[in-house]
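J.: Take a look at the following structure, please.
What follows is calculated from the coordinates using simple rules that are stated; it is not laboratory data. Since we're looking at a predicted model, the values are computed, not measured. With ideal geometry, Cβ positions are generated from the backbone for all residues, glycine too; neighbour counts draw on all protein chains shown.
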Amino acid sequence: GLDILLPIISRIDDERAEFHIVGGGEMEEEIRRMDKVIYHGIVSNEELARIYRECDVFIYPSHADTFGMVVLEALSSGMYVITGEYLRGNFDEFEGKYLEYLPMNEEVFEKRVREIINNRNIIEHDKKEEYEYVKDHYDWEIIAKEFYNYMRRFYEESKKD
């Protein structure tokens, strides 16, 4: 979603906003040249966790991600998440609390980012509660047990026929 995010960053000229980008790829040089971006490149898991904790909002206008593990990482770090409707169905239990889905439209994303810059109350929430919910529902051990239980029920039901 850099095609949506980078133009927004280039148009927002407000000292209250600081944009961080992590990762690598074909647009790395273009991102490095942007004045309003703190570009971290590819970082360790520990450094990524630190960056998540230091930021307030995670903007993820992905066109193709099917689950968005980075969204879950951001949520577990207490961030407020703005993502595209493409991910609807994955994180709906967070919607209205810590996450909002937006249409994949540059103007819509920009308008929302500006609203948040001008009114931080929009993103205020209980970060500890958010972390606890993610930990209690999305930890790999919990997911594995839940998957195993689904498979067991499926197997038992298939034997009845």
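J.: Based solely on C-alpha atoms, express the radius of gyration and the Dmax of the stretch 83-161 in angstrom.
T.: Spelled out, the Cα radius of gyration and Dmax of the stretch 83-161 are 18.4, 60 Å.
J.: Please give, to one decimal in nm, the separation of the simple spin-label points placed at R33 and Y131, each 7 Å out from Cα toward the Cβ.
T.: 4.0
J.: State, to one decimal in nm², a quarter of the convex hull surface area for the C-alpha atoms of the stretch 1-125, i.e. the direction-averaged projected area.
T.: 7.2
J.: So, one more: Please give, to one decimal in nm, the separation of the simple spin-label points placed at N105 and I123, each 7 Å out from Cα toward the Cβ.
T.: 2.3
J.: Another question, if that's okay. In terms of Cα to Cα distance under 20 Å, which aspartates and glutamates are near enough to K111, apart from those fewer than 8 places away along the same chain?
T.: D3, D13, D14, E15, E18, D56, E85, E95, E100, E124
J.: Students often check this: by mean Cβ neighbours within 10 Å, which of 135-142, 76-83, 54-61 ranks highest, and how do the rest follow?
T.: Most protected by this proxy first, the peptides run 76-83, 54-61, 135-142.
J.: Lysines within cross-link reach of K145: Cα-Cα under 27 Å, excluding same-chain residues under 8 positions apart?
T.: K97, K127, K128, K135, K159, K160
J.: Sticking with this structure for a sec: Using alpha-carbon positions, what is the distance between the centroids of the stretch 96-125 and the stretch 43-76, in Å?
T.: Using only Cα atoms to place each centre, the spacing works out to 16 Å.
J.: For the stretch 48-91, what are the per-bin percents of Cα-Cα distances with bins 5 Å wide, up to the bin holding the maximum?
T.: 5, 26, 34, 20, 12, 2
J.: If R0 is 22 Å, what FRET efficiency do you get for I42 and H63 from their C-beta distance, rounded to 0.05?
T.: That pair, I42 with H63, gives E of 0.55.
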